[in-house]
Amino acid sequence: MSILKSIQLIRPTMKTTWVAHSGLTRAFTSTPFTKKSASAIPAALKLKSGQIFQGTSFGAETSAFGEAVFTTSLVGYPESMTDPSYTGQLLVFTQPLIGNYGVPGETKDEFGLYKYFESEGIQVRGIIVNDYAAQYSHWTAIESLGKWCKRYNVPAISGVDTRAITHRLRDQGSTLAQLAIGDDALKNDISKLHFPNPNDENLVARVSTKVPLHYNPKGDVKIAVVDCGVKQNILRCLVNKGASVTVLPFDFDFNHISDQFDGLFISNGPGSPTTCTETVKNLRTALDSFDKPIFGICMGNLLLGMAAGMDVYKLPFGNRGHNQPALHVDTKKCYITSQNHGYALDDKVMPKGWRRMFVNANDGSNEGIRHETKPIFSVQFHPEAKGGPRDTEYLFEDFLGHVRSDKLKRSGFQAILEDQPATVSAFS
């Protein structure tokens, strides 16, 4: 059987074209133009700065406004799209092919946490991809990315030059935008459009729990989690390591019940940290009176820094992806980290009693702080990853090691368990 006939038997729906180039004969395949593709719904990404990128819709037939940002992650689109930190944003994937492994089911683990998602549903306002894979293959998949987007009423566009969009966002900064679908996509005059800024809203209030939630009640240490939009894998990292976790609303004053917990954790979250004034106020009180270990991640780093007296500023285009280098200031070790944030702490002048712990090796922005004498620290990146590298997951062990050591001392025991080091690597 000839090679050409084999190709035609295996892929009967594909049109094969043979061309000669540089003395070699090559075969190229392309999908034939069908009635289905002829009736494709138009879509367009319209940036407030004036650029319009035309493509095709594969998600919900609705338009959406948001802040256009990009992620350099190669995998993990279900996790990214369900990460509460992406609330209010139109997410551009620099990875060209998206959707090829579909979307998994809403399976939960033994702790009642989602195994494959970072929250209950899609958090992004829309997604922008270069090449959408309508056909998917993965053992956990139950539906396509397009069908999933439609179920959650989230618009999606394919067939646009995401490289050009990323260059634009990198050069001019993250930009307000509209992901226009259908008739909205055909309107090229954007001068009459109003682009609402999601960062003017208190997005944390939108994604935070409204009532306390409990996980692993039989854990040996009790951790209060201030929920600014906590990811499921952060909770999993805590309970998997033996902690009992109580998730509290972002504006709940935990200081009134601090005696019920052995440690405090401040989670990641979306939007501007300046909207979380009540949380900062509560943390400021905790820094003076809680006297127990405190750990923060992402938004938690910003809020803890603000409580200590630091300022925040908006990064030009943020750090989002699974390949951000974070340099430990003391050890000079560089870790490849997962990140998703648009704001950073201004650490040019550190408050008395505080030190820089990590710095971004690319742009020099702050990646973490710690108290000089107390077991209080935070990082801007995501040690829990999901997706991304897990090189810094040891920080959870450091935190819980401090919590257990402190609990033993408060209980009247002086001996420290051999597997709970007195000096932990986060502070070395």
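The values are calculated or read from the model by the stated rules, or taken from the named source; none is laboratory data. Note that this is a predicted model, so its numbers are computed, not measured. Ideal geometry is used to build each Cβ from the backbone, glycine not excepted, and the neighbour counts take in all protein chains shown. Just so you know, the surface numbers come from the protein's heavy atoms only, side chains and all, with ligands and any DNA or RNA stripped out. Shrake-Rupley method; radii C 1.70, N 1.55, O 1.52, S 1.80 Å.
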**Residues of segment 364-392 that turn out to be open to solvent by less than 30 Å² (accessible area, probe 1.4 Å), within 13 Å of V329 (Cβ to Cβ) and acidic (D, E), as a count** = 1
**Request:** Kindly indicate whether K115 is under 18 Å from Y215 (Cα atoms) and open to solvent by 50 Å² or more (accessible area, probe 1.4 Å).
**Result:** yes
**Message:** Can you pull out every residue in segment 336-359 that is in contact with an Asp or Glu (Cβ under 8 Å, 6 or more places away or on another chain) and not in a strand (DSSP E or B)?
**Reply:** G353
**Fill in**
For segment 39-57 the number of residues that are out of contact with any Ser or Thr (no Cβ under 7 Å at 6 or more places or on another chain), among the hydrophobic types (A, V, I, L, M, F, W, C) and over 18 Å from G146 (Cβ atoms) is 2
**Message:** Being closer than 30 Å to S244 by Cβ and out of contact with any helix residue (DSSP H, G or I) (no Cβ under 7 Å at 6 or more places or on another chain) is the filter here; which residues of segment 86-108 pass it?
**Reply:** G105, E106, T107, K108
**Prompt:** In segment 158-168, is there at least one residue being surrounded by fewer than 17 Cβ atoms within 10 Å (Cβ to Cβ) and either aliphatic (A, V, I, L, M) or outside the structural domain of T82 (by TED's automatic domain parsing) (or both)?
**Reply:** yes
**Item:** All positions within segment 182-205 that are under 20 Å from P155 (Cα atoms), open to solvent by 90 Å² or more (accessible area, probe 1.4 Å) and either touching a Pro at 6+ places or on another chain (Cβ under 6 Å) or assigned to a helix (DSSP H, G or I) (or both)
**Value:** D183, L186
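Can you go through G121, G112, G102, G55 and tell me which one is in the same structural domain as D171 (by TED's automatic domain parsing), of a type in the set (G, A, S), touching a Gly at 6+ places or on another chain (Cβ under 7 Å) and over 20 Å from G342 (Cα atoms)?
Numbers: G121 fails: touching a Gly at 6+ places or on another chain (Cβ under 7 Å); G112 fails: touching a Gly at 6+ places or on another chain (Cβ under 7 Å); G102 fails: touching a Gly at 6+ places or on another chain (Cβ under 7 Å).
Result of the check over G121, G112, G102, G55: G55.
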**Prompt:** Are any residues in segment 360-389 assigned to a loop (DSSP other than H, G, I, E, B), at pLDDT 95 or above and either more than 14 Å from G296 (Cα to Cα) or over 19 Å from the mean Cα position of the chain (by Cα) (or both), and if so, which ones?
**Reply:** A361, N362, D363, G364, S365, E372, T373, K374, P375
**Request:** Determine whether segment 224-238 contains at least one residue that is open to solvent by less than 30 Å² (accessible area, probe 1.4 Å), of a type in the set (D, E) and modelled with pLDDT of 95 or more.
**Result:** yes
